[in-house]
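Written out below as structure tokens is the structure these notes cover.
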Amino acid sequence: MVKISKETKDTLIELSKENNIFIEGNIIKFIDAEDDDDFLEYLKEASKQDKENRKKRLLVTKQVQQQNKELKTQQQEKQDLLAELEEALKKAEVSKEIAEQDLTLLQKKTQTELVGNIVKVSLILICGIAIMITILYSLALVFNKDTDLLGNTFSNMLGILLTNSFSIIGTIMGVKYATKNTD
């Protein structure tokens, strides 16, 4: 047992009365009161206070441990969600690339169809005009009319039509060549 002087006992008792401060820990069990009833009462109160403080600290420790457990669980959930989001982002990027490829293919198909339609209309116009001028020139020859002006017009018109048709075809071929994928 630990023996404490009378002055120290009185100081501890006074400190407990004035400031409600007690000694703590297992040392309380080893202090000898030496038949001092006031100090014995002090030791009982100090022991009681120590038990209460230990209970409070234990409760706080349990709460902290519970909160840490909850935080770890939440952190794991967040990491799982983040992984899911990253996977969804990758899938969205792949889908975007596929959509862009489909759009590019559709645009090329539309351009090809448009070019085909332009060629058809151009050829129909060229052939139609050529046939009309040929019919007019033939009628003029059959009816013995003055064909000098009509002959020059016929010749000029055929030249213009041929030049325009080659120009259209050249332009179309240039557009196809320019938009051609060389991969």
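The values are calculated or read from the model by the stated rules, or taken from the named source; none is laboratory data. Since the model is a prediction, treat every value here as computed from it, not as a measurement. Glycine gets a Cβ as well: all are built from the backbone with ideal geometry, and neighbour counts include every protein chain shown.
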Inset, instruction - State which residue pairs qualify: first residue within 9 Å of S165 (Cβ to Cβ) and free of Cβ contacts under 8 Å to residues at least 40 places away in the same chain and inside the range 114-126, second residue surrounded by 14 or more Cβ atoms within 10 Å (Cβ to Cβ) and of a type outside the set (S, T, Y) in any location, beta carbons under 6 Å apart, and separation of 6 or more residues or different chains. - result: I126/L161
Inset, instruction - From (1) at pLDDT below 85; (2) assigned to a helix (DSSP H, G or I); (3) not charged (D, E, K, R), pick out the condition that doesn't hold for Q63. - result: (1)
Inset, instruction - Show the residue pairs that are 6+ apart or on different chains and have beta-carbon atoms under 8 Å apart, the first residue being within the range 132-148 and within 22 Å of L161 (Cα to Cα) and aliphatic (A, V, I, L, M), the second being at pLDDT below 80 and assigned to a helix (DSSP H, G or I). - result: I133/T153; I133/F154; I133/M157; I133/L158; L136/L150; L136/F154; A140/L150
